[in-house]
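These notes concern the structure reproduced below.
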Amino acid sequence: MIRYKIYQNQQKKGLNAGKWFARAVSDETFDLAKLAEHMSKHNSPYSSGVIKGVLTDMVDCIKELLLDGKSVKIDDLAIFGVGIRSKAAETLEEFSLEKNITGMRLKARATGNLSTTNLKLDSQLKQQAEYQKPTTPGGGGSGSGNTPDPKPNPDEGDEEAPDPTV
């Protein structure tokens, strides 16, 4: 079950200013040790320690390959790669690494059984907590204090923005 909360975009200007969106929320994060423990309980002949060791080595190797400019595909999960954030230069001669490359990012694109289409078909959604408008001074409203984050964390949002790095 994928849980979500509703929030209002707090930007004052722009296409989505003041509009309402849903954001997926997670009630728990599994680190490698917890993932290994979970995997070992699926009728595995391997202990959680052995599985954690393999996963740790996998993470190290994926990092190494990404930093070498390679992409890594884990079937039915994602294709991982590195993206570059950059800003425009007016001409080729004006482009420089220092001025125009603003950052790097990890990219992951669902693949196989975890494709966006299958995710949409297979998932079930449930609202984590019903949104209630905050109480305004002198006005009505339920004022339960159960309001969405005024400035949503961009890492948690699910709105899709154009990717300038592609």
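The values are calculated or read from the model by the stated rules, or taken from the named source; none is laboratory data. Source: prediction; values computed, not measured. Note: ideal-geometry Cβ built from the backbone for every residue, glycine included; neighbour counts use all protein chains shown. When the accessible area is computed, the model is the full protein with side chains, heavy atoms only, and any ligands, DNA or RNA have been set aside. Shrake-Rupley method; radii C 1.70, N 1.55, O 1.52, S 1.80 Å.
Computed FRET efficiency, Cβ-Cβ of Gln127 and Ala33, R0 35 Å: what is it to the nearest 0.05?
E(calc), rounded to 0.05, equals 0.70.
Hey, got the dipole for region 70-122? About the Cα centre, +1 on K and R Cβ, -1 on D and E Cβ, debye to the nearest 20?
160
Give the residue list of trypsin sites (Lys or Arg not before Pro) in region 13-120 that are DSSP loop and have at most 13 other beta-carbon atoms within 10 angstrom.
Lys13, Lys19, Lys41, Lys70, Lys87
Which percent of the accessible area of region 70-122 is formed by carbon and sulfur heavy atoms (probe 1.4 angstrom)?
54
Give me the number: length gained by fully extending Asp57 to Arg3, i.e. 0.36 nm times residue separation minus the C-alpha to C-alpha distance, one decimal in nm.
16.3 nm
Obtain the nm distance between the two label points defined at Ile84 and Lys41 by a simple spin-label model: each point lies 7 Å from its Cα along the Cα-to-C-beta direction.
4.5
Which of the lysines could a cross-linker span from Lys120 if the Cα-Cα distance has to be under 24 Å and same-chain partners fewer than 8 positions apart are dropped?
Lys5, Lys19, Lys73, Lys107
Averaging sequence separations of C-alpha pairs under 8 Å and six or more residues apart, then dividing by the length of region 70-122, give the relative contact order as a whole percent.
So the answer I get is 43 percent.
Per-residue accessible area for Glu94 at 1.4 Å probe radius, Å² rounded to 10?
Its heavy atoms expose roughly 90 Å² to the probe.
At a Cα cut-off below 20 Å, give the lysines reachable from Lys12, other chains included and same-chain residues fewer than 8 away excluded.
Lys133, Lys151
Specify which residue in the list Asn43, Gly18, Ile6 is farthest towards the positive end of the charge dipole of region 1-66, using unit charges on the beta carbon of Lys, Arg (+1) and Asp, Glu (-1), about the Cα centre.
Checking the options against the dipole of region 1-66, the answer is Gly18.
Please report the Cα spread of region 70-122 along all three principal axes, rounded to whole Å, starting with the longest.
Its Cα atoms span 48, 22, 15 Å along the three principal axes.
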